[in-house]
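In what follows, a single structure is set out as structure tokens and then discussed.
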Amino acid sequence: MLTGNTTGISTFKGEQRALRADRIGAPALLLSVLAATAPLMVVAGVIPTTFATMGIVGVPLLFVIVGAVLILFSFGYAEMSRHVHNAGALYAYISRGLGGTVGAGASYVALFAYSLMQAGSYGIFGFEISSQIAQHWQHNVAWWIPALGGVAITAVFGALKIDLNAKTLGVLLLIETTMTLVFDIGFISDPGPQGVSAHAFDFTTLSGAGFGTALCFTIAGFLGFEQAPVYAEETSDPQRVVSKVMFLAIGFATVFFALSAWAITVGTGPGAVVEGAQKQGPNLIFALTQDRFGTAFTDTLNIFFITGIFASMLSFHNVVARYAFAMGRDGLLPAAVGRTSKTSGAPAIGSFLQTLVAVVVVTIFAVTDDKPVGDPTAPILRLFTWAGNVGALGVVLLMCTAAVAVIAFFVKRGAARVQGWRLVTSGLAALALGAIFVYSVKDFAVLLGANPGHGLRWILPGIIALAAAIGLVYGLVLRATKPEVHARIGQGNEAFQLDKAAAAEASA
């Protein structure tokens, strides 16, 4: 039986089925979203890896191009957030525009993609901690030991109130952003042998076999901005806060990452950045800061690099937990997953499931790790890079589909003329994101360093296809066997409010 309570939280048979409102305001939401982008992890980890793996000098220009595409996408996406407040965000929007069956497919893509991205972060987290222990205490610790420690700490924070999480993420974000700007200025003021050069913004620098996967790497650097609607049910004013935060996040990420990537090319010299990244890997930034700022700054930077990774892990953990919660509430996962903690209001079971997934993924990579202690290729190139880019591939597919869903949603509501310009930008974004998805799949062998016929170049992207197939089939089954559940997909807490109204009308 559906009931109401004084907090506005819908309950079903005594269980809480909605996230608590007014937990997080605009500043805290912005900090949480930006923490998911992990500025220092992107600058010190993703950007050098992109230079090294893809062999493309024009990474700064890629951030500008992708930023422009995501702004086009966000015009419609932000407007959708004013009409639909649901922790399922991307899959909820797709459901409302393209129907419950497609929405079910999108929900499983979201669950798989964000889970992979979150679990993949433990690879670089464990490697960095084990490297620091080896450097400062001359003791070898396998990367998976601190990685599992990170899983445990993240699980504890994931069960706490979201406003406490936001404060923690905010402090870490401000520190790492400040330190990144400091070394950006240092690289530009003390350039490499080619001086201060804008060569990295030349379109000719984008040629290369890895262009498609470089786009996927770049998209991965932005991911976090699209998470703002996930917290719509927990914000004080979702009508205005969510869209404002999204645009601020995209603008910040575009400028910040393009500037930092360019500063790296200036610090090494555009002609040497690819070779330097291939030799140094994620240590490239620390080698550059060691020469310019000394040991104390570099050691401090290493510490906040690790805390920045943790901030990203926690942010993605929170998002996966809320997607799982929304799916449980909609009948796409067991109903128990769609319940929240009575003390913290957090989606406790969804949080636990993501912790379990992380433990399984880290354990699999630990057991199959045949590299010596301290070798970065196992946790970084296999766990962090593979999982991160498969996850990013899934989110690109979701955003492309969501852009189409935005158009369908407003057309069905008879608002095509009023929302005309937003429908145009959504259409352009869908085309651009679709192209990025196709190019990323086409060039996935470059990411693996394998020949085009290698099995993994299809198996890894195939994880996203498998997730979509599972969701679509389940959606079709629900439509045939439980049409009332199928009708709820993407409705979230609104469905329970409708049930409440119907129950009241029936008893009148």
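The values are calculated or read from the model by the stated rules, or taken from the named source; none is laboratory data. Bear in mind that the values here come from a model prediction, so they are computed numbers and not experimental data. Note that each Cβ is placed from the backbone with ideal geometry, even for glycine, and that neighbours are counted across all protein chains shown. Quick note on the areas: whole protein, heavy atoms, side chains included, nothing else; ligands and nucleic acids left out. Shrake-Rupley method; radii C 1.70, N 1.55, O 1.52, S 1.80 Å.
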Order the peptides 314-322, 47-55 from the highest to the lowest mean number of other Cβ atoms within 10 Å of their residues. 314-322, 47-55
Given Cα pairs under 8 Å that are at least 6 residues apart, what percent is the relative contact order of segment 233-347? 10
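What's the local net charge at P60, with K and R +1, D and E -1, over the other residues with C-beta under 14 Å away?
Local charge sum for P60: -2.
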Report the calculated FRET efficiency for H139 and L431 (r = Cβ-Cβ distance, R0 = 51 Å), to the nearest 0.05. 0.45
Tell me the carbon and sulfur percent of the accessible area for segment 187-279, rounded to whole percent, probe radius 1.4 Å. 62
Given R₀ = 45 Å, FRET efficiency for I153-A416 by Cβ-Cβ distance, to 0.05? 0.40
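So what is the relative contact order of segment 111-159, in percent, for Cα pairs below 8 Å that sit 6 or more residues apart? Each step should come with its number before you reach the end.
Numbers: 33 pairs, mean separation 17.5, N = 49.
The value is 36 percent.
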Entries in K244/K279; K244/K412; K412/K482 that, when Cα-Cα distance is taken, lie over 32 Å: K244/K279
So how do 189-202, 113-126 stack up, highest first, on mean other-Cβ count within 10 Å? 113-126, 189-202
Full-stretch length increase - W458, T178 - with 0.36 nm per residue and alpha-carbon distance subtracted: 96.8 nm
Starting from the 7 Å offset along Cα-to-Cβ, what nm value, one decimal, do you get for the label separation of H83 and E275? 5.5
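I need the calculated FRET efficiency for the pair A335 and K167, taking r as the beta carbon distance and R₀ as 41 Å, to the nearest 0.05. Present the calculation step by step, with values, prior to reporting the outcome.
On the way: r = 32 Å, r/R0 = 0.77.
The computed FRET efficiency comes out at 0.80.
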Working with all protein chains in place, sort E275, E226 by solvent-accessible area computed with a 1.4 Å probe, largest first. E275, E226
Extension length gain for F201 and K442 (0.36 nm per residue less Cα distance), in nm, is 84.3 nm
